[in-house]
1. Counting other C-beta atoms within 10 Å, and keeping those with at most 15, which DSSP coil trypsin sites (Lys or Arg not before Pro) do you find in the range 1-103?
2. Counting other Cβ atoms within 10 Å, keep those with at most 15, restrict to DSSP loop, and tell me which GluC sites (Glu not before Pro) in the range 1-103 are left.
3. So how far apart, in nm, are the two label points at Leu46 and Arg70 if each is 7 Å from Cα heading toward Cβ?
4. HN-Hα J couplings of the range 73-80 from phi, Karplus 6.51/-1.76/1.60, θ = phi - 60°, integer Hz, Gly and Pro as x?
Amino acid sequence: MRVALSYSVEIEEVPNQVAILLEKTISQVKNAALEHLDDAARSLSLKHRSVDEIARAAQNLDSAKIMLERVDLALADYVNILQGYVGVAVEAARQESIPQPEPPTVSLSPEPAVPVSEDETEEVSK
């Protein structure tokens, strides 16, 4: 059973994280899948191969096939991650290229005080 596993990284780290995952996948292919394929080829290339050796070859081929199916699923995940990254990067570049309107400036300095005569002050206070 496959489950989705998610975690967050900074957008700039996405290609590096996919590269790390890809290296792990490459290592699995080199170590496991190719070993199964080599074993199958050796079993089948024997001049006097027995039914057991042929059965072992079939089992090795099946194991390699299962491993390669897992690799295929992992590669599909990596493609989806990178396509999502490219979509975000393209949208960010598009947003940067659109001229943004200048926000209105607001003066935060107090307006100069207007001198008020004493008569006006008395009128306001009444």
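What follows draws every value from the coordinates through simple rules; no lab data is involved. Because the structure is predicted, anything quoted here is derived from the model rather than measured. Positions of Cβ are backbone-derived with ideal geometry, glycine not excepted, and every protein chain shown enters the neighbour counts.
1. Answer in residue order: Arg2, Lys47, Arg49.
2. Glu10
3. In this crude label model, Leu46 to Arg70 measures out at 2.7 nm.
4. Per-residue couplings from phi come out as 5, 5, 4, 4, 4, 5, 4, 4 Hz.
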